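Quick notes on the structure that follows.
The values are calculated or read from the model by the stated rules, or taken from the named source; none is laboratory data. Since the structure is predicted, the reported quantities are computational estimates derived from the model, not experimental observations. Quick reminder, even Gly has a Cβ in these numbers, built from the backbone with ideal geometry, and neighbours come from all protein chains shown. Only protein heavy atoms, including side chains, enter the accessible area calculation; ligands, DNA and RNA are left aside. Shrake-Rupley method; radii C 1.70, N 1.55, O 1.52, S 1.80 Å.
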Amino acid sequence: MNLHEYQAKELLKKYNVPVQEGYACNTPHEAEEAYRQIKTQYGSNFAVLKAQIHAGGRGKGKVKETGINGVKVAKSGEEVTEFSQKLLGGTLVTIQTGEEGKVINKILVAQDMYYDGPSERKEFYLSILLDRSLGQNVIMYSTEGGMDIEEVAHNTPDKIFKEWVHPAGGLEPFQARKIAFNFGLSGDAFKNCVRFVTNLYKAYQGLECSMLEINPLFKTADNKMVAVDCKMGLDENALMRHPDLSAMRDLSEEDPTEVEAAKYNLNFVKLDGNVGCMVNGAGLAMATMDMIKLSGGEPANFLDVGGTANAQTVEAGFKIILKDPNVKAILINIFGGIVRCDRVAQGVIDAYKNLGNIHIPIIVRLQGTNAEEAKKLIDESGLKVQSAILLSEAADLVKKAVA
Amino acid sequence: MSILINKNSKILVQGFTGTEGTFHATQMIEYGTNLVGGVTPGKGGNTHLDKPVFNTVEDCVKSTGADVSIIFVPPSFAADAIMEATEAGIKLVVCITEGIPTQDMIKVNNYLQGTGTRLIGPNCPGVITADECKVGIMPGFVFKKGRIGIVSKSGTLTYEAADQVAKAGLGISTAVGIGGDPIIGTTTKEAIELFMNDNETDAIVMIGEIGGGMEAEAARYIKEQGNKKPVVGFIAGQTAPPGRRMGHAGAIIGGAEDTAAAKMKIMEECGIHVVKSPADIGKRMAEVMK
């Protein structure tokens, strides 16, 4: 589960991680009020307005309707009004959102950190994530902050450092120092960096993040270390322990069909193809998508109905797939183990009858426990449903359906 | 010999009296598995499915001599259950539970180091040695006895592969579902290694999916070993969209070996018989075994 920048920063503050301060605003009026607050608190006429959407590349991205960038520096109250009007309610298209973009419901009005001072300002990169192969968390960091880190990794891999955290001990002080030294820091900035990294790792552990990225991690002209931007993902499996974090989920950022599918315990991912599918088990579901492609179609979705494929889940699955007008055929692929195929077949027949107006071919492949009985049920139902037992037979039927 | 489990294995069930535990323990007993007892804290001293119930794994091991445990406890308690079994000296722990928090698995992974315990899973269908012993939730009848080993990250896809192998006139020695979580106890490579050294296995089906570098690691191992036994491979997710499950930074660490195409290429280069369609697993194995 992903959080917005403003939510992530609020959480970091609880762990004493310094962040660029700001106020999340829903209206231009709130933005103006936030600007007044920032002006008095920090004595600067500058404020940064940042669109709050679940995607990166906001600074370079543009709002479709108004042409404005997703991150803007305002130098006056008037500019705050203008920019917030052009941002809020607009659709921001970035390199990560796809052409359709994402609607901006909130903006963060934040303090300007790029003020002058006795030392040089610097931008760093730092993220914490799981290294699957070692089963340990790893801190990845670079002196090349504020840029696309994938580009840095590709062009100058020697500028990316990694620090693995021992699962029993946690992040040790010498590791935090090493990071600060590798950043080339000294004096107050060094001390602040050690504190920043130490507390950030505590936040990562305490909140049970799946990913935490600070880019840029910013050294101000007066040697403070501050999180200017923050991307935070939470481990969904751990949310049961964090009801407060669960409550921060922003469903408007998620695909509405996927949200609806989740209500029926269906694991659904929308794709762009023309053949829908409904499968039990994630691995078999992915394999079924691959088979659709090899048969000349394109998968319209990933849908794992899990261990209980009954009339209700099948009907819900049908409804969700049929919402997509591009779907020309649906393939149901169930390997009955504990679930009996004849039950699933009856579920398909009931769901089909309940829905009444399915105008596209349905191919049902049931294999495993009571597969023969299931095929007979389907074949004798009088419905326009084609049945198969072998996966290769199902592939041939898909081939015919999309030809 | 088969691998991991056989008719002499003594199985205990953690989370024995719960709905899942009861259902699958019944199926396992029906299959002929030597299930010696179970553990549910607070219900020790009772009898369930005609088998003794214990409060702790240690008590169960002492009384029954159990050497394999299968875990059906909810995600919040599963890590603890794995460590309890490890502490009690269980040789093989099979964890079926889905949805264990990653931080818990980091801890478990570390806890297991240096112990004599092997973990299979979590979030897996378990292990079955055909006609001898089923420690899992798979439909037993699909796994006809034979000399092909299966290692897979996925449940139903394992059944699919076993079924195709049977229809091709061959059968299964042992099938291992290693699980699809980011941190798992036994890797693809480790399972392959067991099969390579098993004199009851002649060939191996290796089923992977997108994400992580386990298949590439296994493929390189197979090549290093001089392709001792033929391996038929399939990777699910050739059509899966990139970036849906992994975060921004994760793509770097995982590196270029994350996609199905990349994994299939490495596997082919390492002499594995890779099939593009999941429908061809059995057919290809039959060709290879001719």
Q | Which numbered condition B:GLY271 misses (of (1) at pLDDT 95 or above; (2) farther than 30 Å from A:ILE334 by Cα; (3) in a helix (DSSP H, G or I)) | A | (3)
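Does B:GLU20 fit the bill of being open to solvent by 20 Å² or more (accessible area, probe 1.4 Å) and modelled with pLDDT under 95?
Yes, satisfied.
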(Q) Quick check on my filter: what residues within the range B:215-241 are closer than 26 Å to A:MET291 by Cα and not in a helix (DSSP H, G or I)? (A) B:PRO230, B:VAL231, B:VAL232, B:GLY233, B:PHE234, B:ILE235, B:ALA236, B:GLY237, B:GLN238, B:THR239, B:ALA240, B:PRO241
Q. Does B:VAL39 satisfy being touching a Leu at 6+ places or on another chain (Cβ under 7 Å), within 16 Å of B:ALA88 (Cβ to Cβ) and open to solvent by less than 50 Å² (accessible area, probe 1.4 Å)?
A. yes
Q. When you scan the range A:88-143 for strands (runs of 3 or more DSSP E) that lie fully inside it, which ones turn up with 1 or more residues that are within 14 Å of another protein chain (Cβ to nearest Cβ)?
A. A:122-131, A:136-142
Q. For the range B:203-232, how many residues are within 15 Å of the chain's Cα centre (by Cα) and among the acidic types (Asp, Glu)?
A. 2
Q | Failed condition for B:THR22, given (1) within 14 Å of chain A (Cβ to nearest Cβ); (2) under 30 Å from B:MET214 (Cβ atoms) | A | (2)
Q: Scan the range B:159-180 and report the pairs whose first residue is more than 19 Å from B:ILE3 (Cβ to Cβ) and whose second residue is open to solvent by 10 Å² or more (accessible area, probe 1.4 Å) and not basic (Lys, Arg), with Cβ atoms within less than 6 Å and a gap of 6+ or a chain change.
A: B:ALA168/B:ALA286; B:GLY180/B:ASN123
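Kindly indicate whether A:LEU108 is in contact with a Lys or Arg (Cβ under 6 Å, 6 or more places away or on another chain) and either farther than 30 Å from A:ASP272 by Cβ or surrounded by fewer than 16 Cβ atoms within 10 Å (Cβ to Cβ) (or both).
In short, yes.
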Q. In the range A:15-50, which residues are open to solvent by 10 Å² or more (accessible area, probe 1.4 Å), of a type outside the set (Ser, Thr, Tyr), closer than 23 Å to A:LYS219 by Cβ and in a helix (DSSP H, G or I)?
A. A:GLN41
Q: Could you please let me know if A:LYS60 is under 28 Å from the mean Cα position of the chain (by Cα) and open to solvent by 80 Å² or more (accessible area, probe 1.4 Å)?
A: yes
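What's the total number of residues in the range A:111-122 that are surrounded by fewer than 19 Cβ atoms within 10 Å (Cβ to Cβ) and in contact with a Lys or Arg (Cβ under 7 Å, 6 or more places away or on another chain)? Walk me through it before giving the result.
Applying the first criterion (surrounded by fewer than 19 Cβ atoms within 10 Å (Cβ to Cβ)) to the range A:111-122 yields A:112, A:114-121.
From what's left, in contact with a Lys or Arg (Cβ under 7 Å, 6 or more places away or on another chain): A:114, A:121.
Number of matching residues: 2.
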Q) In the range A:69-105, which residue that is touching a Phe, Trp or Tyr at 6+ places or on another chain (Cβ under 7 Å) and open to solvent by less than 60 Å² (accessible area, probe 1.4 Å) is farthest from A:ASP272 (Cα to Cα)? A) A:GLY77
Q. For the range A:271-305, which residues satisfy the criterion of being within 7 Å of another protein chain (Cβ to nearest Cβ), part of a helix (DSSP H, G or I) and in contact with a helix residue (DSSP H, G or I) (Cβ under 9 Å, 6 or more places away or on another chain)?
A. A:ALA282, A:GLY283, A:LEU284, A:MET286, A:ALA287, A:ASP290, A:MET291, A:LEU294
Q) Has the range A:261-270 got any residue that is assigned to a helix (DSSP H, G or I), within 11 Å of another protein chain (Cβ to nearest Cβ), open to solvent by 60 Å² or more (accessible area, probe 1.4 Å) and of a type outside the set (Asp, Glu)? A) no
